[in-house]
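Structure record follows, encoded as structure tokens.
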């Protein structure tokens, strides 16, 4: 008898329509992506080699290539700093306008959508009169950072 009652209850449960309440819920998803800027050196000498001809001329030109990757719609900032008293100033060429680094840090903004950009720059090192010929650490640092 227990089996037939169980079967009867199961049959009623299967035959009866189920009613439930319907509802909707909404939620907002927010994602915060940290700003990222990286600077890869593709080609840059680690030393500045000065010949007697460079010293007599008063300057040395050096080429360098970099790759900047960033994910900020505002672009990024490049900072140039010169730190050697043997160099009076560094003229950075390869942008719309020439950038001159003499004392301290010079920063330029590079606006634009997130992307990867290759930079081909020319550094014109103007030498101090007392600079001797020889090999020296490259007297310029280049850093990329968020705006």
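A few comments on the model shown:
- Debye intensity ratio in log₁₀ form over the Cα atoms of the chain, taken at each q of 0.11, 0.13, 0.21 Å⁻¹: -0.56, -0.70, -1.25
- Estimated distance in nm for a label pair at residue 96 and residue 74, the labels positioned 7 Å out from Cα along Cα-to-Cβ: 1.9 nm
- Stretched out straight at 0.36 nm per residue, the stretch from residue 65 to residue 114 would grow longer than its current Cα-Cα span by 15.7 nm.
- Computed [θ] at 222 nm, helices only, for the chain once each DSSP H run of length n ≥ 4 contributes -39500 (n - 2.57): -4000 deg cm²/dmol
- Gained length - residue 122 relative to residue 49, 0.36 nm times residue gap less alpha-carbon distance: 24.7 nm
- Label-point gap, in nm, between residue 21 and residue 141 - each point 7 angstrom along Cα→Cβ: 6.4 nm
- Computed from the C-beta positions of residue 106 and residue 31 and an R0 of 30 Å, the FRET efficiency is 0.30 to the nearest 0.05.
- Extents of the range 76-147, taken as max minus min of Cα coordinates on every principal axis and listed largest first, are 45, 20, 20 Å.
Values in this text are rule-based calculations from the coordinates and carry no lab data. Keep in mind it's a predicted model, so treat the numbers as computed, not measured. Here the Cβ is made from the backbone with ideal geometry for all residues, glycine too, and neighbour counts use every protein chain on show.
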